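Right, one structure below, let's go through it.
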Amino acid sequence: MTVYAGPMQHLLDGYARFRETAWPERRALFERLAIQGQRPRTMVIACSDSRVDPAMIFDAGPGELFVARNVANLVPPYQPDGNYHGTSAALEFGVCSLEVQDLIVMGHGLCGGVQALLSDRRPGGDFIAPWISVAERARHQVLACDAPDRQLAGEHAVVRLSLENLATFPWVASRVADGALRLHGAHFDVRTGVLAVLRPDGVFAPM
């Protein structure tokens with residue numbers, strides 16, 4: 001018998017509480033989702049940061065959100081070159097297969113990916129630096145302006161850039177043009193719990 005300790009045991013204890021309390025209440029919902037399949041109307045592209053859970057922020061239950069998470073909530077440009085594209089694959093599945101009606105790119109406060117993007121010292125390792133370079137244009141925009149809060153400006157700029165990159169995917173652009181898909185930008189402040197949404201004029205406004 002495997003004996004767990006530390007964080008793993010903490011997670012298993014959480015699962016035990018889920019089975020005891022939440023599962024009986026939601027069993028019928030999960031059974032229906034298992035039979036009918038998932039039909040979420042909304043997709044969220046969010047950061048992998050452990051403090052930013054889209055389901056918690058939007059108080060959404062199982063089957064309501066299709067979520068793709070990565071470092072700094074980035075959407076790369078459309079590039080079907082045969083390489084590995086996890087975010088683009090999730091995007092294609094959400095838009096083309098699940099036919100979501102709303103797509104939200106949600107940044108957040110204190111984002112380490114954005115901090116690395118704006119830093120003079122690029123992160124080490126094999127994958128983070130190349131991935132962050134997707135937002136190089138946002139970096140130049142932020143560094144070229146005199147923003148009072150450069151970190152926040154960078155977090156906003158990355159959301160705007162990801163929305164621009166979404167338009168390079170032909171099956172996203174066509175659905176937006178037809179009115180079948182709506183794109184949204186948002187930013188969640190970890191310190192205050194305030195969600196700001198991107199208005200048509202390009203400004204983030206608190207809900």
* With springs only between Cα atoms under 10 Å apart, run a GNM on the chain and tell me which of Leu11, Leu110, Leu98 wobbles the most. => Leu11
* Asked: Can you list the HN-Hα couplings for region 45-58, worked out from phi with the Karplus curve (6.51, -1.76, 1.60; θ = phi - 60°), rounded to whole Hz and with x for Gly and Pro?
  -> 9, 10, 7, 6, 3, 5, 8, 10, 9, x, 5, 6, 4, 9
* Long-range amide H partners of His108 with built H, under 5 Å -> Phe188
* To do: Take the eigenvalues of the Cα gyration tensor for the chain, scale each by 5, and report the square roots as semi-axes in whole Å, largest first.
  => 30, 23, 18
* **Per-pair calculated FRET efficiency, R0 = 25 Å: Leu33 and Trp171 via Cβ, rounded to 0.05** => 0.50
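Below 8 Å, C-alpha to C-alpha, sequence gap of six or more: please give me the relative contact order for region 38-206 in percent. Intermediate values should be presented prior to the final figure.
Details: 273 pairs, mean separation 42.7, N = 169.
Rounded, it is 25 percent for region 38-206.
When the dipole is taken about the Cα centre of the chain, and only Lys, Arg (+1) and Asp, Glu (-1) are charged at their Cβ, what size is it in debye, to the nearest 20? If you can, show how the numbers build up before the last one.
On the way: 19 positive and 22 negative charges, 34 e Å.
Magnitude of the dipole: close to 160 debye.
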* Structure fact -> Farthest towards the positive end of the dipole of the chain, among Leu163, Pro80, Met43 and with Cβ unit charges of +1 on Lys and Arg and -1 on Asp and Glu, lies the Cα of Met43
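With r as the distance between the Cβ atoms of Asp53 and Gln9 and R0 = 22 Å, compute the FRET efficiency 1/(1 + (r/R0)^6) and round to 0.05.
0.55
Read-outs throughout are calculated quantities, based only on the coordinates presented, and are distinct from any laboratory measurement. Everything numeric in this text was worked out from a predicted model, so none of it was measured. When we count neighbours, we look across all protein chains shown, and the Cβ atoms used for this are built from the backbone with ideal geometry, even at glycine.
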